Amino acid sequence: DTLILEFKDTFKKWSRVWAVTGTKSKPFKQILQGIIDGKYLGPDFQFRFVNYTKNTGNLNQWHLDYIRINRARNRYDTIVEDLAINKVPGSALQNYNVMPYDHLLADYNNERAPQIKLAYRNNFNTTKNVTLKYDAYNRYGNKIGSTSYNTINNNVLPNSDTFENLPNIRFDTLSGKKPIIRFVYKMSEKDPGLVENPIIDKTPSDYYNSVLDTNNTITYTQRFDSYFAYDDGSAEGGFGLDYASLPPGPGYIAYKFRMNKADTLRGISIFFNQSVADVSTVPFDLILWKDITAPPSTGMGSDKIIYRIPVYNIKYTDTINGFQNFVFDTTIVLPQGNFYIGWQQNTNYILNVGFDNNYRYNGNNVRNPNIYYNLVGDWQAISPNIQGAIMMRPLIGEVVKDLTSVKQTIFNAKSFSIYPNPSEGSINIDAGQINPVNVEVFDVFGRKIYNSKDKFESIDLSGFSNGNYIIKLTDILGVSYIQKCIKTD
């Protein structure tokens with residue numbers, strides 16, 4: 001991938017003036033590019049950045065900061081006199097970014113984070129003493145907690161990053177089922193004898209009160225909703241299983257969550273990355289486990305599958321970081337304790353589920369202990385290098401409303417019946433209460449091998465190879481129902 005800077009001249013022609021190729025993640029590097037050529041010195045001058053990247057999804061991001069134009073500068077003018085909050089503050093929760101509020105209250109002391117991490121940077125070439133504070137507001141704008149500037153003060157070395165852990169507030173008396181807390185964080189330069197003193201960010205001087213001072217304040221909204229989420233809702237990468245070097249067979253992902261009280265699991269919400277390999281028609285199974293045979297135990301003898309639903313395809317959303325809801329119409333009540341959601345795939349391909357690279361377990365740079373994979377019959381913890389969160393969420397409690405433009409897919413193993421199954425060819429369909437308008441059959445690779453919009457009572461598979469197939473009925477509302485069948489001799 002490549003990042004390019006282009007200038008627009010007085011003839012309205014764009015020209016490349018600077019470019020750099022991509023590398024692995026590394027610290028910011030300052031680049032200075034002069035605007036000297038007379039063909040750019042006009043009232044219609046413009047500049048733009050262009051990124052050429054691979055067509056494999058959101059894997060090549062460039063971070064641009066401190067883009068400044070000012071006269072009377074030279075190549076030695078490199079100091080940016082700025083103190084800045086440079087990362088989104090951490091969640092006020094110990095284990096999740098979002099969780100149901102009643103589950104927080106059921107285990108408040110273990111779910112509330114004792115401290116909140118705030119990262120910032122000193123870009124001055126001298127040491128600065130910095131103090132931090134925050135104010136917290138409920139959804140009605142009423143202040144429900146705060147810290148003062150003298151809570152934390154720290155000498156920050158020149159051109160260096162640091163962080164502080166601020167004490168958290170209590171939030172176990174909020175009203176409503178889905179309260180929010182709006183945290184407003186601020187930083188200030190400490191002056192001897194003063195409690196607080198505005199930071200004087202001054203490069204260039206006309207940026208003061210317009211640009212450089214804006215990064216001294218940041219707002220973070222803590223949400224409570226009807227799902228559990230380790231992720232922050234933004235994908236910086238993709239996640240999947242790649243086991244091409246192993247013999248053909250199933251692969252599994254299991255993702256651990258915890259019910260703090262008995263509750264209903266309504267479905268699973270997943271964000272799928274779009275990439276060069278379209279796997280939207282490759283089938284897989286979503287699985288709900290009460291338990292898995294986690295390491296150091298071996299095998300799968302202790303696995304307890306509660307529910308399994310076949311997925312014949314997925315839908316890529318036209319919404320940035322938009323999730324697809326897979327909603328059960330079968331009531332599943334889970335007791336207090338751990339449970340796992342995940343998938344089984346029977347062929348080697350990358351499902352490419354969104355991955356939040358910003359998540360850190362308990363704020364530490366360690367493996368995410370909630371993710372397990374199984375490729376050869378034994379469950380394994382993921383590599384220590386995988387420290388983020390899969391963008392897959394269990395939907396809890398109340399009836400789920402569609403949060404994206406994608407239609408919900410409703411699964412119910414009893415929604416219609418097929419017989420005989422296994423079958424040597426002819427399969428009868430009892431649609432029950434479904435009013436189908438289309439019937440389709442897919443093979444295990446997701447290829448559509450049969451389609452009918454007028455015949456719904458039976459299907460003839462005698463001309464197809466032995467193996468597993470997926471039968472899909474679609475009703476007049478566009479809701480899909482599926483069953484698995486087996487073709488034999």
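With θ taken as phi - 60° and the Karplus curve 6.51 cos²θ - 1.76 cosθ + 1.60 applied, the whole-hertz 3J(HN,Hα) list for the range 235-246 is 8, 9, x, x, 9, x, 9, 10, 9, 5, 7, 9 Hz, x standing for glycine and proline. Computing Rg and the Kirkwood Rh from the Cα coordinates of the chain gives a ratio, Rg/Rh, of 1.04. Listed by chain and number, the lysines whose C-alpha is less than 17 Å from the C-alpha of K128, apart from same-chain residues fewer than 8 away, are K186, K190, K202.
Take the alpha-carbon positions of the range 1-158, form their convex hull, and give its projected area averaged over all directions (one quarter of the hull surface) in nm².
Numbers: hull surface 61.8 nm².
That works out to 15.4 nm², a quarter of the Cα hull's surface.
Global dimensions of the range 414-487 from alpha-carbon coordinates: Rg and Dmax equal 11.3, 33 Å.
In this structure, T330 and L64 have a Cβ-Cβ separation that, at R0 = 51 Å, corresponds to a calculated FRET efficiency of about 0.55.
Which one, F272, L241, F228, projects farthest toward the positive side of the charge dipole computed for the range 217-274 from Cβ point charges (K/R +1, D/E -1)? Toward the positive end, the furthest listed residue is F228. Let a ≥ b ≥ c be the square roots of the eigenvalues of the Cα gyration tensor of the range 237-405; is it rounded (a/c under 1.5), or, if not, prolate (a/b larger than b/c) or oblate? Here the range 237-405 falls in the rounded category. Projecting label points 7 angstrom from Cα along Cα→Cβ for N338 and S465 puts them 4.0 nm apart. With the charge dipole of the chain set up from +1 on Lys and Arg Cβ and -1 on Asp and Glu Cβ about the Cα centre, the Cα lying farthest toward the positive end among the listed residues I371, P422, F328 is that of I371. Projecting label points 7 angstrom from Cα along Cα→Cβ for D378 and I79 puts them 5.9 nm apart. The distance between label points at I31 and F45 comes to 1.8 nm (points 7 Å beyond Cα on the Cα→Cβ vector).
The residues neighbouring I470, those whose beta-carbon lies less than 9 Å from its own, together hold a net charge of 0 under the Lys/Arg +1, Asp/Glu -1 convention. Computed from the C-beta positions of D102 and Y140 and an R0 of 35 Å, the FRET efficiency is 0.95 to the nearest 0.05. Each Lys or Arg adds one and each Asp or Glu takes one away; over the other residues whose Cβ falls under 13 Å from the Cβ of D44, this sums to +3. Within the shell defined by Cβ-Cβ distances under 9 Å, the residues around T293 carry a net charge of -3, with Lys and Arg each +1 and Asp and Glu each -1. In this structure, the residue pairs whose Cα-Cα separation is over 22 Å, taken from K26/K87; K117/K178; K117/K143; K12/K54; K24/K117, are K117/K178; K12/K54; K24/K117.
The peptide list 249-261, 233-245, put in order of mean Cβ contacts within 10 Å with the highest first, becomes 249-261, 233-245.
No lab work stands behind these numbers, since they all come straight from the coordinates. Because the structure is a prediction, the values reported are computed rather than measured. Every residue, glycine among them, receives a Cβ derived from its backbone with ideal geometry; neighbour counts consider all protein chains shown.
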